[in-house]
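Derivation of every value follows stated rules applied to the coordinates shown; laboratory data play no part. What you are looking at is a predicted structure, and each value in this text was computed from that prediction instead of being measured. Glycine also receives a Cβ, built like all others from the backbone with ideal geometry; neighbour counts cover every protein chain displayed.
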Amino acid sequence: MAAVEPKNTGDLVTADKFTWFEFQLDYNSGGNSGIMFHVTDEGDAAWATGPEFQLEDNKEAKDPTRCGWLYALYQPPDDPKTGKPLDATKLAGEWNHIRLLISLAKCEHEINGVKYFDYVIGSEDFNRRVTKSKFGKMPLFARSSTGYIALQGDHGQVSFRNIKVRRIEPAK
């Protein structure tokens, strides 16, 4: 699916809520988008309640948060070959594959089969990062352990395909 008038579209949001899940999709973008999770109906916007896996054209990016990063919270380590944060994205116009794992034990971000980092929602490290970020002033941000998955659609041209979500049941 692709947004015809990207500046006049809103977010695409799942009908169901998810707690722990694996989410995969292919995206093609010359702009800025994102995958937000644990989004609730309580905030003024999806990004005010749910963390965002940034989707972006890293070559032409205007936002300092790059593709695959957890917006304003986590970024991958530096690539020893370039001295810059790891970047496994393809050029704008090419399809990239995303895998996002959100589970009780850990959350993982992958692009094109390359793992960027992992974190634990609600951990001391996660909460400290939220407090230090712009989200620290948003009382509803990352507070819900369940919510919708939203694909951001109002920041420029983006296309999605092969969207898959698999629930992960907690261990008994």
Open item on the list: Just to be sure I understand the model, the point goes 7 Å from the Cα along the line to the Cβ. What's the resulting Val120 to Leu104 distance in nm?
Closed with: 1.2 nm
Open item on the list: Taking a ≥ b ≥ c as the square roots of the Cα gyration tensor eigenvalues, with a/c under 1.5 meaning rounded and otherwise prolate when a/b beats b/c, else oblate, which class fits region 122-172?
Closed with: oblate
Open item on the list: Just to be sure I follow: if Rg is taken over the C-alpha atoms of region 6-159 and Rh is the Kirkwood radius over the same atoms, what is Rg/Rh?
Closed with: 0.94
Task: Candidate lysines for bridging to Lys17, where Cα separation is under 27 Å - those fewer than 8 sequence places away on the same chain excluded - done: Lys7, Lys106, Lys115, Lys134, Lys137, Lys164, Lys172
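Using a Förster distance of 25 angstrom, determine the FRET efficiency expected from the C-beta separation of Glu42 and Asp16, and round it to 0.05. Intermediate values should be presented prior to the final figure.
Details: r = 17 Å, r/R0 = 0.69.
Using R0 = 25 Å, I get an efficiency of 0.90.
Net charge around Lys164, counting only other residues with Cβ within less than 12 Å of its Cβ (Lys, Arg = +1; Asp, Glu = -1)? Let's see the in-between values first.
Values: positive: Arg99, Arg161, Arg166, Arg167; negative: Glu22, Asp26.
Here the charged neighbours net out to +2.
Relative contact order for region 103-172 using alpha-carbon pairs under 8 Å, separation at least 6, rounded to a whole percent? Provide the component values of the computation, followed by the final result.
Working: 30 pairs, mean separation 13.6, N = 70.
This gives 19 percent for region 103-172.
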Task: Rounded FRET efficiency, nearest 0.05, which uses the C-beta distance separating Thr82 from Arg143 and R0 of 30 Å - done: 0.25
Task: Helix-only [θ]222 nm of the chain, DSSP H runs n ≥ 4, -39500 (n - 2.57) each, per residue, nearest 500 - done: -1500 deg cm²/dmol
Open item on the list: Let me spell out the model: positive unit charges on the Cβ of Lys and Arg, negative unit charges on the Cβ of Asp and Glu, origin at the Cα centre of region 6-167. What dipole size does that give, in debye rounded to 20?
Closed with: 200 debye
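Give the relative contact order (percent, whole number) for the chain; include only Cα pairs under 8 Å separated by 6+ residues. Intermediate values should be presented prior to the final figure.
Working: 391 pairs, mean separation 71.6, N = 172.
Dividing the mean separation by the residue count of the chain yields 42 percent.
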